[in-house]
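To start, I am sharing the structure in question, which I have written as structure tokens.
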Amino acid sequence: MGRRKVFAIILVALLSLTFIYAAYGAGLQDRGAEPRYENIGTVLEVIALVKTRHYYQPVNTLELVKGYVATGTISGMLKTALDDPYTRHMDARAFEDMMNTTTGVYGGIGLSVGILDDQVTIVSPIKGTPGERAGLRRGDKIIAIDGRDTTHMTLDEAVSLMRGVPNTELDLTIQRDEEVFDVHIVRELINVESVPEFKLVDEDYRIGYVEITNFSERTHEELVKALEALNNQNQQALIIDLRFNPGGALNAALQVTNEFVSNAPLMWLEDKDGNRTSVDSVNSQKQPAIPMVVLINGGSASASEIVAGALQDNGLATLVGTTTFGKGLVQSLYPLRDGSALSLTEQGYLTSGGKDINGVGIEPDIVVEVSLEEEEAIYLGEAEHDPQLERALEVLRAQL
């Protein structure tokens, strides 16, 4: 049987099942349930993109169709058919929110959230934001947003509901251990700096310290300004803190890496056929060559690993801390005709030296373990003692 005929059969089946279930979905919607069965054209766009461009696993069209029929959503289809948490569908609002996030400025309440045990969970409140002032903590579970149950809600959907125009109101239902309570919050304009702190952390040895918390459009500019200020203070060594940095924009990571790496690949990209392409450093004004340490931990992921891996592979920095997260996959963003978008795992990447870190992470040169309590205190800036930072200082003092 020819490919066109097979595709036609699948298409007819998909259309038929969609129309059958649409009536059922409309009935549910009349009774206040969530709407199901999205635009069929968008479904077919997504199926075509996943089939032709998905990176690391064979994709079965029938499994995609079955997943869509069973769940009634594109997100459900992708979750059912793919073993890939990074390929995801965003509705128009979530897409807009994500694009705003890359600029580092958006309307919201200032919470970093993730999915833990199928529940939207606060990873951390951003300092000085409405979420922090409301007393929300790491580990709090958000069980409802403006009365909408978040059970099985996608992360993009939850984030889009919490984002919004500054000065508008939002109600969260929070579960903290066995306690359940409501929190009323007013959204503000959230301005997330990529480099919130830089200083001479050791004035005697002139050791500089720069913290990079995320990678956005503004990261490179902020880093260059921080390094200029430290160079003007005659810094002789540098600590770059990438702990708890979950990544962000690939281009921002490459710009940062290019500040230090010369005459070598910044990273390698690998397509689904195994073909590798180097992303090389470009001639630009580089930072002066001084001893460096990069601090890493399990929260250092994706773009952070590109930077840390390149500095380690080229002998430019000593890595101190614990093994990184291990995300060696690259997503491409495809806007769809209905205003939504597909974030699709289209490539893998290897570090500058050709290491495949996906699912493995980057091992530090010097391992310094800390407890979960110490790690949380370090993240919140409340730690009286930071063993990883102190070890980094020891390493650099020995080199000066």
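Any idea which residue in segment 122-143 is modelled with the highest pLDDT, counting only those that are crowded, with 20+ Cβ neighbours inside 10 Å and not in a helix (DSSP H, G or I)?
The residue in question is ILE142.
Show me the helices (runs of 4 or more DSSP H) entirely contained within segment 286-400 in which 2 or more residues are modelled with pLDDT of 95 or more.
Of the helices (runs of 4 or more DSSP H) lying wholly inside segment 286-400, those with at least 2 residues that are modelled with pLDDT of 95 or more span 303-313, 387-399.
What are the pairs, 6+ residues apart or on separate chains, where a residue within segment 378-395 that is in the same structural domain as ARG243 (by TED's automatic domain parsing) has its Cβ under 8 Å from a residue that is part of a helix (DSSP H, G or I) and polar (S, T, N, Q)?
ILE378/GLN388
Conditions tested, residue by residue: (1) farther than 30 Å from VAL165 by Cα; (2) surrounded by fewer than 14 Cβ atoms within 10 Å (Cβ to Cβ); (3) at pLDDT 85 or above.
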position	(1), (2), (3)
ALA22	yes, no, no
GLY41	yes, yes, yes
LEU82	yes, no, yes
ARG88	no, no, yes
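From the list THR257, THR277, exactly one residue is β-branched (Val, Ile, Thr) and surrounded by fewer than 17 Cβ atoms within 10 Å (Cβ to Cβ). Which is it?
THR277 is the lone residue from the list that is β-branched (Val, Ile, Thr) and surrounded by fewer than 17 Cβ atoms within 10 Å (Cβ to Cβ).
May I pose another question? Kindly establish whether PHE198 is crowded, with 19+ Cβ neighbours inside 10 Å and either in contact with a strand residue (DSSP E or B) (Cβ under 9 Å, 6 or more places away or on another chain) or assigned by TED's automatic domain parsing to the domain that holds THR73 (or both).
When the stated conditions are applied, PHE198 passes them.
Quick grid of which residues meet (1) surrounded by fewer than 16 Cβ atoms within 10 Å (Cβ to Cβ); (2) hydroxyl-bearing (Ser, Thr, Tyr); (3) part of a loop (DSSP other than H, G, I, E, B):
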{"residue": "VAL180", "(1), (2), (3)": "yes, no, no"}
{"residue": "LEU189", "(1), (2), (3)": "yes, no, no"}
{"residue": "SER194", "(1), (2), (3)": "no, yes, yes"}
{"residue": "GLU217", "(1), (2), (3)": "no, no, yes"}
{"residue": "GLU228", "(1), (2), (3)": "yes, no, no"}
{"residue": "GLN235", "(1), (2), (3)": "no, no, yes"}
{"residue": "VAL261", "(1), (2), (3)": "no, no, yes"}
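Another question about this same structure. Just to be sure I understand, how many residues within segment 107-121 are in contact with a strand residue (DSSP E or B) (Cβ under 7 Å, 6 or more places away or on another chain) and either part of a loop (DSSP other than H, G, I, E, B) or among the small types (Gly, Ala, Ser) (or both)?
Residues meeting the conditions: 6.
The values are calculated or read from the model by the stated rules, or taken from the named source; none is laboratory data. No experiment lies behind these values; they were computed from the predicted model shown. Virtual Cβ from ideal backbone geometry, glycine too; neighbours counted across all protein chains shown.
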